[in-house]
1. Suppose we filter Ser33, Ser47 for residues that are at pLDDT 95 or above and assigned to a helix (DSSP H, G or I); which single one remains?
2. Pull up region 50-76, narrow it to residues that are open to solvent by 80 Å² or more (accessible area, probe 1.4 Å) and under 18 Å from Gln6 (Cβ atoms), then point me to the one that is modelled with the lowest pLDDT.
3. Could you list all residues from region 10-30 that are surrounded by 11 or more Cβ atoms within 10 Å (Cβ to Cβ) and assigned to a helix (DSSP H, G or I)?
4. For region 2-35, name all the residues that are within 25 Å of Ser53 (Cα to Cα) and free of Cβ contacts under 8 Å to residues at least 12 places away in the same chain.
5. Of all residues in region 16-55, how many are among the basic types (Lys, Arg) and farther than 30 Å from Asn68 by Cβ?
Amino acid sequence: MPNLGQGGAMAIEDAFVLGQELEGIQHINEIPSRLKSYQDRRFLRASVAQYLSRNGSDALVDWDKLRNTPIVGPIAMWFV
């Protein structure tokens, strides 16, 4: 469930980075290493977006989890 609205933006970022990685390829043998480089560059950003989205989804249905999340909890308590 994309609660951060990040789906479209992530797709654009993915396309941009993939374009950078595939640019200038001289031989088909370069493709696997370029795809690995793309994966390495995108993994952390995509993982963070997924984590935040998942936690946002959980917070919608589990107020106690939101309240006890270390960073969000103190902020959420202002609204109690």
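1. Ser33
2. Within region 50-76, the match that is modelled with the lowest pLDDT is Leu60.
3. Within region 10-30, Met10, Glu13, Asp14, Val17, Leu18, Gln20, Glu21, Leu22, Glu30 qualify.
4. Passing the criteria: Gly5, Gly7, Gly8, Ala9, Ala11, Ile12, Ala15, Phe16.
5. Residues in region 16-55 being among the basic types (Lys, Arg) and farther than 30 Å from Asn68 by Cβ: 4 in total.
The values are calculated or read from the model by the stated rules, or taken from the named source; none is laboratory data. Small disclaimer: the values here were computed from a predicted structure and weren't measured. Please note: Cβ atoms are built from the backbone with ideal geometry, for glycine as well, and neighbour counts cover all protein chains shown. We work out accessible area using only protein heavy atoms, side chains counted, and drop any ligands, DNA or RNA first. Shrake-Rupley method; radii C 1.70, N 1.55, O 1.52, S 1.80 Å.
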